[in-house]
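First the structure, in the form of structure tokens, and then the observations on it.
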Number of protein chains: 2
Amino acid sequence: MKRNEPNWLGLSGGGELSPSETQGSAGAPCTGLDRWLAQRLMATTGNPPFTLTLWNGETVYRPETSPVANVILRDRRALLGLIFSPHFYFGDAYSTGRIEVEGDLIECLKAAYRALEAKMPPGSIGREIRNWMHRPRGTGLRSARRNIQHHYDLGNNFYRLWLDEKLVYTCAYYDPPQATLEQAQVAKMNHVCRKLELKPGQEVVEAGCGWGTLALHMARHYGVRVWAFNISSEQIRYAREQAKTQGLDDRVEFIEDDYRNISGQCDAFVSVGMLEHVGPDHYESLGALIRRTLKFGGRGLIHSIGRNRPEPNNPWIERRIFPGSRPPSLSEMTNMFEPYSFSILDVENLRLHYERTCDDWLKRFEQVSDQVEQMYDKAFVRAWQLYLAGSVAAFSTGSLQLFQVVFAHAQDNSVPLTRRHVYTDS
Amino acid sequence: MKRNEPNWLGLSGGGELSPSETQGSAGAPCTGLDRWLAQRLMATTGNPPFTLTLWNGETVYRPETSPVANVILRDRRALLGLIFSPHFYFGDAYSTGRIEVEGDLIECLKAAYRALEAKMPPGSIGREIRNWMHRPRGTGLRSARRNIQHHYDLGNNFYRLWLDEKLVYTCAYYDPPQATLEQAQVAKMNHVCRKLELKPGQEVVEAGCGWGTLALHMARHYGVRVWAFNISSEQIRYAREQAKTQGLDDRVEFIEDDYRNISGQCDAFVSVGMLEHVGPDHYESLGALIRRTLKFGGRGLIHSIGRNRPEPNNPWIERRIFPGSRPPSLSEMTNMFEPYSFSILDVENLRLHYERTCDDWLKRFEQVSDQVEQMYDKAFVRAWQLYLAGSVAAFSTGSLQLFQVVFAHAQDNSVPLTRRHVYTDS
């Protein structure tokens, strides 16, 4: 099942490695200018602790401390691309093999994140320029559908290869710490359900339901009715099949529609891993939707990748992996709650759980990379390895966060006095 | 110990009830204009469910539902003052006896809060005008000292009359729910210490330490060293005596100085009930101070009254009770964290605990009101009853929140995976 459509990477040649491209300067000598540019590149990225080797095999940069990896630029185009836009170009050049990393990719990326954070701290000119250079795509009704299809409609067979058996594609919750990915995904769903204080017979709206696993879990284990929304046709198709197979199709309805078209009222509003795709311009209207949807006395929970401060997503991730995505800072998230005086009851940061989740995904992905290459191509495999390894590095170095926010209507005094119920196994 | 200095209420006559003032229109007939104005007043405040009676004994307003109380305006000045500035004038007129409430004061205030919230929802013109009319006092170095002395230097003997035995003047934590105020204050201190993950030998900075009870508790029960700052001379004097009496003066240093002058480094930075007095303009510089004070690997905790959305404090409370105070919304609080990429780990809202704390304080205050009147005067007693009852009502109706925010440096991976340690009794 070789797919050439859609050309998901958006690279020339359908993302295939082209020998004439990747070997363009291979073996060619490097000039004094190349060396100088390579050293400038390392200086402007904070002198990260890996060696840099050019296409002729010459190592032109050695860090002061012991190197965690060796980064090889296979041609001059890779060097020039990195100088022009390191955050964006690294991903494309890595995918197509113009850049290779000898050694531990995750450690290399962590080192790069830390060096860049030190060299371009928040508010610095370099960081502002980088953020200004990349305009993320829109997340209106039409764009949202395109953005979501780009990633989530890659095919259920693809995700089945390396996600957990229940197909949960969001941060797991490793409690107890020795939990497997499978166990941690179930623990995450229970963590969410306890925070929502679900009671049998309640009606729940889920915005952005993935393959429907949380919706089915809530119905089966907490006795609620669920209306679950998603604009990924592939995911909705799978979710409906699951509901039927599991005999839950009378209690869970999967609706292929945008969250903006949610209507009716519910006792709990939950959204796990959708807000990253909503875009800050739409938070206030999402809040308005929740206000009219959530009954008085009901609970809301938003689970989203986040940032410690407002900042656009990594440009390569936004362009190639999650178009239109932007992890919000807490101040940005409050635009959803404060205009409607929602009372924020609880915020929990699960950053280190997402580091481990991505690490588990990457390990599984590596095991099936040959199969994935058969389905797509080598560049696809390398791009996804980079995306998963980069996510491990981003959560590990504090560049990304994972926020779970629980909220209620302002005057609702049925809110729990403590959070003990979240930590009491029932 | 009758005090006429300082004239804390700022009213003419030192806050004394003056018969000539309060009885100015008593017994005088009320006109058609008075009746019309009174009814307009009720309409613009959302037709709250209490009756309104004028100085001649005539009830000029009856709600549609069963009234929770009867509010009596003792003279025309009370009526005109309420029309001009209901939020500010009610407090002064109640203190001086121009307004009286027959029935349950708390229920009456809750009803008023709810009616006003419905009539003047966030963003409405009436609310904007109200917020615009009142400019809170500054919180610079000098003003802060004046602001704090106004309230906290009223005298330790006064607070000893009605606070818990350990003199903790912040939101308690009623866990288990049947806890007494004394027990709940201890539970709150332990809740804070567990969130901070205090370990023996650590060094802690406390900004705004009240009578020093938390500082002493941390040193005694968690084996840490504490540097505790406060600009209330009365509180610092008491705290130092306590440290000596309890044999903890080698481990707890009480420093009479502004939080802005904190220097050195610590393993934990804690501030319980100070941020309300800091003022949003100073959050960013407070964050800078915390960044340079908190060692890598350390934890910070800010405990503060808050709001669901940015809004000035009630003008009477800001003028008469807590000058310069402003409870922040979460979006405002993030100005302390986001510029420095602090990672927010945990936010908990303890609103209903503060409702109960204020209710416990009010009950004790009522029991000693005769003694308080001997120390100050009748107007002081009535003002403080109103402040405490109003606080119960504000927390109960969701007008005020209580946020505990735990945070760490961005790249600190020693943060706990779960919050179970907060709920595990050691």
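Considering the conditions (1) part of a helix (DSSP H, G or I); (2) on the phi > 0 side of the Ramachandran plot, A:S331 is excluded by exactly one of them, (2).
Looking for something touching a strand residue (DSSP E or B) at 6+ places or on another chain (Cβ under 6 Å) and either under 22 Å from B:D92 (Cα atoms) or more than 10 Å from chain A (Cβ to nearest Cβ) (or both) - is there at least one such residue anywhere in segment B:384-400? Yes - at least one qualifying residue is present in segment B:384-400.
Within segment A:263-274, is even one residue buried (at least 23 other Cβ atoms within 10 Å of the Cβ), in contact (Cβ under 8 Å) with a residue 24 or more places away in the chain and β-branched (V, I, T)? Yes, segment A:263-274 has at least one match. For segment B:200-216, the set of residues classified as in contact (Cβ under 8 Å) with a residue 40 or more places away in the chain and surrounded by fewer than 24 Cβ atoms within 10 Å (Cβ to Cβ) consists of B:Q202, B:E203, listed by residue number.
For every residue, the table says whether it meets (1) closer than 19 Å to A:A389 by Cα; (2) surrounded by fewer than 15 Cβ atoms within 10 Å (Cβ to Cβ); (3) in the same structural domain as A:P312 (by TED's automatic domain parsing).
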{"site": "A:T31", "(1), (2), (3)": "no, yes, no"}
{"site": "A:Y61", "(1), (2), (3)": "no, no, no"}
{"site": "A:A69", "(1), (2), (3)": "yes, no, no"}
{"site": "A:R77", "(1), (2), (3)": "no, no, no"}
{"site": "A:G81", "(1), (2), (3)": "no, no, no"}
{"site": "A:F88", "(1), (2), (3)": "yes, no, no"}
{"site": "A:D92", "(1), (2), (3)": "yes, no, no"}
{"site": "A:I99", "(1), (2), (3)": "yes, no, no"}
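Scanning segment B:194-208 for residues that are more than 14 Å from chain A (Cβ to nearest Cβ) and closer than 25 Å to B:D359 by Cβ yields a single hit, B:G208.
Considering each of B:E311, B:E284, B:E276 in turn, give the residue that is among the charged types (D, E, K, R) and at pLDDT below 95. Unique residue meeting the criteria: B:E311.
Conditions (1) closer than 17 Å to B:S391 by Cα; (2) more than 14 Å from chain A (Cβ to nearest Cβ); (3) of a type outside the set (G, A, S); (4) touching a residue at least 40 places away in the same chain (Cβ under 8 Å), marked per residue:
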residue	(1), (2), (3), (4)
B:G287	no, no, no, yes
B:F296	no, no, yes, yes
B:R299	no, no, yes, yes
B:S304	yes, no, no, yes
B:N313	yes, yes, yes, yes
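Might you let me know whether segment B:287-295 holds any residue that is in contact with a strand residue (DSSP E or B) (Cβ under 8 Å, 6 or more places away or on another chain) and closer than 25 Å to B:S143 by Cα? Yes, segment B:287-295 contains at least one residue that is in contact with a strand residue (DSSP E or B) (Cβ under 8 Å, 6 or more places away or on another chain) and closer than 25 Å to B:S143 by Cα.
The combined condition, being crowded, with 23+ Cβ neighbours inside 10 Å and farther than 18 Å from A:L350 by Cβ, is fulfilled by A:I231. Step by step: first the residues of segment A:388-399, then only those that are closer than 14 Å to A:L116 by Cβ and not polar (S, T, N, Q), then the one that is surrounded by the fewest Cβ atoms within 10 Å (Cβ to Cβ). Which residue is that? In this case the residue turns out to be A:A393. Hey, can you tell me all the residues within segment B:275-314 that are farther than 30 Å from B:T397 by Cα and crowded, with 23+ Cβ neighbours inside 10 Å? Matches in segment B:275-314: B:I290, B:L294, B:G298, B:R299.
Please determine whether any residue of segment A:407-416 is away from chain B (no Cβ under 11 Å) and at negative phi. No: segment A:407-416 contains no residue that is away from chain B (no Cβ under 11 Å) and at negative phi.
Scan segment A:135-143 and tell me whether some residue there is in a helix (DSSP H, G or I), over 27 Å from A:L362 (Cα atoms) and of a type in the set (S, T, Y). So far as segment A:135-143 goes, yes, one or more of its residues are in a helix (DSSP H, G or I), over 27 Å from A:L362 (Cα atoms) and of a type in the set (S, T, Y). Taken over segment A:122-146, the criterion of being of a type outside the set (D, E, K, R) and more than 22 Å from A:Y89 (Cβ to Cβ) is satisfied by A:P122, A:G123, A:G138, A:T139, A:G140, A:L141, A:S143, A:A144. Of the helices (runs of 4 or more DSSP H) contained entirely in segment A:347-426, those carrying at least 2 residues that are modelled with pLDDT of 95 or more and among the charged types (D, E, K, R) fall at A:351-367, A:369-375, A:378-396.
Residues that are crowded, with 19+ Cβ neighbours inside 10 Å, within 14 Å of chain B (Cβ to nearest Cβ) and either under 21 Å from A:V270 (Cβ atoms) or free of Cβ contacts under 8 Å to residues at least 12 places away in the same chain (or both): does segment A:148-166 have at least one? No: zero hits.
For the residues B:D360, B:D346, B:D377, the requirement of being surrounded by fewer than 23 Cβ atoms within 10 Å (Cβ to Cβ), touching a residue at least 40 places away in the same chain (Cβ under 8 Å), within 14 Å of chain A (Cβ to nearest Cβ) and not small (G, A, S) singles out B:D346.
Restricting attention to segment A:172-190, the residues that are assigned to a loop (DSSP other than H, G, I, E, B) and either more than 12 Å from chain B (Cβ to nearest Cβ) or acidic (D, E) (or both) total 2. Within segment A:329-343, if we keep just the residues that are buried (at least 24 other Cβ atoms within 10 Å of the Cβ) and more than 7 Å from chain B (Cβ to nearest Cβ), the residue that is nearest to A:H409 (Cα to Cα) turns out to be A:F337.
Among the strands (runs of 3 or more DSSP E) confined to segment A:46-124, the ones with at least 3 residues that are in contact (Cβ under 8 Å) with a residue 24 or more places away in the chain and within 26 Å of A:W361 (Cα to Cα) are located at A:69-73, A:99-103. Among the residues making up segment B:191-204, those that are over 12 Å from B:V226 (Cβ atoms), out of contact with any Gly (no Cβ under 7 Å at 6 or more places or on another chain) and not in a helix (DSSP H, G or I) are B:E197, B:K199.
Residues that are buried (at least 20 other Cβ atoms within 10 Å of the Cβ) and among the small types (G, A, S) do occur in segment B:102-119, at least one of them. Away from chain B (no Cβ under 12 Å), in contact (Cβ under 8 Å) with a residue 40 or more places away in the chain, more than 27 Å from B:D412 (Cβ to Cβ) and under 17 Å from the mean Cα position of the chain (by Cα): is that true of A:R326 in this structure? No. Filtering segment B:351-404 to residues that are aromatic (F, W, Y) and under 14 Å from the mean Cα position of the chain (by Cα) leaves B:Y354, B:W361, B:W384, B:Y387, B:F395, B:F403.
The values are calculated or read from the model by the stated rules, or taken from the named source; none is laboratory data. Quantities reported herein were computed from a predicted structural model and do not represent experimental measurements. With ideal geometry, Cβ positions are generated from the backbone for all residues, glycine too; neighbour counts draw on all protein chains shown.
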